[in-house]
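The values are calculated or read from the model by the stated rules, or taken from the named source; none is laboratory data. Please read these numbers as outputs of a predicted model, since none were measured by experiment. Positions of Cβ are generated from backbone atoms using ideal geometry, with glycine treated the same way; all protein chains shown enter the neighbour counts.
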Amino acid sequence: MIFQDFFAGLLLLLVGTAFCFVGYRFFQVLIAFWGFFAGFNLGATSMMALFGGGFLGAVSGWILGLIIGLILAVMAYFFYYIAVVLLAATVGYIFGSGLMAVIGFYNPGFLAAIVGFFFSVLAVVLMLIFNLPRLLIMAFTALGGAVAMIAGFLLLLGRMHTTDLQYSIAVATIRASWFWSVVWIAIAVVGFTVQWRSRQRYTLEWSQPIPSS
């Protein structure tokens, strides 16, 4: 478990830093990693919910997580709108279910899933209907990257464990502490500012047309 926490913490710290500060510039590559993590967590959590046991406690959870993770990673890399929807939906769900965890719903349930789904749809609507993909890509990558950085740091310190990454307990842990909440917002603001300045010199290119913002 110690090695698992260390490896996951180091990976989260590195990927989170990349997302937070260069998320827009390298979005096509980074979203593939994001898709893999989202799919892996979805697969492993689904197996635990269906058959019981601990998070990543069974080989079947690892296998399904890897399969779904690879599928989402490939789709996110090659299709722009899938990437945008994936980013918005996962960030929305993370913060929605994280809000429920702050209230006290640490276990999966119908209410937590509904709230997470609502925030997920809301984030997708903001991303697509308002036609501001570039700004929201920078905002979501900065916010999500900052959370990942702090979660990775806490894992390395032993203040959190890999099992806390499920159901957005990590987000709840950060939001429940005023200190880590301030750190999170500060890192996200700096990350967004860095991305905004680099946006003046770089335009994201994709295989599909990118709407103007």
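A Cβ distance below 6 Å, combined with a sequence gap of six or more or placement on separate chains, defines the contacts here; from the range 28-55, residues that are polar (S, T, N, Q) reach no residue that is surrounded by fewer than 22 Cβ atoms within 10 Å (Cβ to Cβ) and modelled with pLDDT of 80 or more. Scanning the range 17-41 for residues that are surrounded by fewer than 16 Cβ atoms within 10 Å (Cβ to Cβ) and modelled with pLDDT under 75 yields a count of 0. Check PHE140, PHE118, PHE179 and return the single one that is modelled with pLDDT of 85 or more, closer than 17 Å to LEU87 by Cα and among the hydrophobic types (A, V, I, L, M, F, W, C). None of the others qualify; the one that does is PHE118.
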